[in-house]
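One structure follows; several queries about it will come next.
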Amino acid sequence: MSAQARDQIRSLATSRIRELANAAMGREGVLPFWFGESDQPTPRFIAEAAIEGIEQGRTFYAHNMGIRPLREAIAGYLQDLHDKPFEADRIAVTSAGVSALMVAMQAILDPGDRVLAVTPVWPNLFEIPRILNAEVVEVPLEPKNGRWSLDLDRLFQALTPDTRLLLINSPNNPTGWTLDEASRDAILERCRRLGIWVMADDVYERLPFAANRLSAPSFLAAAEPEDRVFGVNSFSKAWRMTGWRLGWMSMPKGLEEDVGKLMEFNTSCAPHFIQQAAVVAIAEGEPEVARLRGELRDARDRLCGALSALPGVETVLPDGGMYAFFRVEGARDSVAICRRLIEEAGLGLAPGAAFGAGGEGWIRWCFAARPDKLEDGIGRLTRWAETNARQSA
Ligand SMILES: Cc1ncc(COP(=O)(O)O)c(C=O)c1O
């Protein structure tokens with residue numbers, strides 16, 4: 001008998017982004033914008049704090065839930081950001097956002113549970129419940145009057161009393177859709193009434209594009225400590241720390257002990273010296289976060305302006321995050337079109353099909369890139385779109 005994983009795992013889709021990127025990596029002349037990360041390294045002062053941690057010998061196992069100074073720093077940070085008291089006991093430091101999602105879902109999902117996901121969305125959000133044998137139902141975002149929008153009536157119809165969990169990511173990867181306060185309050189109220197858990201993926205919360213906003217609306221600003229709300233967050237995006245693998249979750253009161261057990265059985269703990277660097281990232285990182293937000297706003301304006309001027313290209317302006325989501329007239333198969341862009345334009349983008357049913361036909365472009373790289377990419381797409389338009393004329 002051949003060795004194989006259980007059926008549920010064998011039926012998981014491999015990442016369509018990885019599939020394309022792996023096939024094209026190492027190929028000469030392909031300009032990559034497929035992954036969701038800044039092309040700039042982590043700020044130096046954060047790296048130095050980690051080096052100092054290693055030199056101080058912070059290389060041993062740490063507390064399951066994270067070192068106390070970091071849990072306190074995160075609680076204080078959330079308190080300031082959302083103007084709401086926050087206790088350090090409700091924070092678990094995880095090995096990045098993806099591990100927070102896994103542990104939180106392990107804590108509350110039984111096989112067969114109904115999970116609602118607002119999509120398109122980063123695939124890990126809906127693949128993790130599938131790993132846990134839950135049933136995932138998608139509620140699609142739709143482009144409306146030049147913005148992505150969530151139809152609340154449609155969402156509320158799908159939020160049946162037997163739904164266990166709502167997955168919602170705002171600002172959204174890949175569309176940039178950002179939840180407004182009134183919709184957030186209505187969703188929270190509905191979930192509260194029906195006893196449905198909310199998994200708020202706030203990984204891009206520091207990257208809204210509205211003028212003068214330091215963070216996007218978050219469920220954490222409206223939820224009470226007893227509400228069934230998980231807030232998932234990460235150092236990856238706002239502090240340019242993707243490779244460090246550090247994040248956190250906030251959880252309702254009363255879950256600490258059980259989440260602590262799961263932390264032990266997942267990763268046991270996040271590395272101590274990296275947590276020590278994260279304390280410094282929070283304490284001193286605000287100017288860097290603001291700088292990134294400004295750079296991303298400029299990049300969004302430049303890229304989306306260029307995309308909307310191209311023949312046969314439709315784009316919807318993102319309100320936050322680091323991605324433009326667009327489609328090319330007549331191109332329904334996003335994997336096929338991304339393959340063509342690699343071959344014909346030397347441009348590495350991510351297929352919308354990776355992000356759930358509603359993403360098919362669309363293409364994601366991560367614009368957290370240096371201006372000269374972005375210009376090069378825009379030039380490549382422009383030449384490709386013009387040739388394409390001429391050929392189909
Ligand atoms: C919506 C969303 N959530 C969570 C993550 C997880 O990020 P990390 O595991 O690097 O913290 C990502 C990464 O791309 C994301 O896009």
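Derivation of every value follows stated rules applied to the coordinates shown; laboratory data play no part. Computed from a predicted model, the values in this text were never measured in an experiment. We place every Cβ from the backbone using ideal geometry, glycine too, and count neighbours over all the protein chains shown.
If each Cα of region 163-318 is one equal point scatterer, what is log10 of I(q)/I(0) from the Debye formula at q = 0.09, 0.14, 0.15 Å⁻¹?
-0.37, -0.84, -0.94
Any chance you could give the angle, 0 to 90 degrees and rounded to 10, that helix 44-55 forms with the longest Cα principal axis of the chain?
Roughly 40 degrees between the two axes.
Hey, what D do you get for the chain in µm²/s if you plug the Kirkwood alpha-carbon radius into Stokes-Einstein at 25 °C and 0.890 mPa s?
113 µm²/s
Angle check, please: helix 96-108 long axis (alpha carbons) against the longest principal axis of the chain (alpha carbons), in degrees 0 to 90, nearest 10.
So the helix axis and the longest Cα principal axis differ by about 60 degrees.
What number, rounded to the nearest 500 deg cm²/dmol, is the helix-based mean residue ellipticity at 222 nm of the chain, given -39500 (n - 2.57) per DSSP H run of at least four residues and division by all its residues?
-12500 deg cm²/dmol
Expressed as an acute angle from 0 to 90° and rounded to the nearest 10, what is the orientation of the C-alpha long axis of helix 272-284 relative to the principal long axis of the chain?
Approximately 70 degrees, to the nearest ten.
Additional query: Show me the ranking of peptides 285-292, 376-383 by mean Cβ neighbours inside 10 Å, starting with the highest.
Numbers: 285-292: 16.2, 376-383: 17.8.
Ranking the peptides 285-292, 376-383 by packing returns 376-383, 285-292.
Let me know the number of lysine pairs in the chain closer than 25 Å at the Cα, not counting same-chain pairs under 8 apart.
Working: 84/237; 84/253; 237/373; 253/261.
Taking the Cα cut-off of 25 Å, the pair count is 4.
Quote the relative contact order of region 44-285 in percent (integer), defining contacts as alpha-carbon pairs under 8 Å separated by 6+ residues.
With pairs under 8 Å counted, the relative contact order is 31 percent.
Let me ask another. Given the Cα-Cα distance of residue 131 and residue 343 and 0.36 nm per residue of separation, how much length would full extension add, in nm?
Result: 72.9 nm gained on full extension.
How much of the DSSP beta bridge set in the chain is antiparallel, as a percent to the nearest 5?
50 percent
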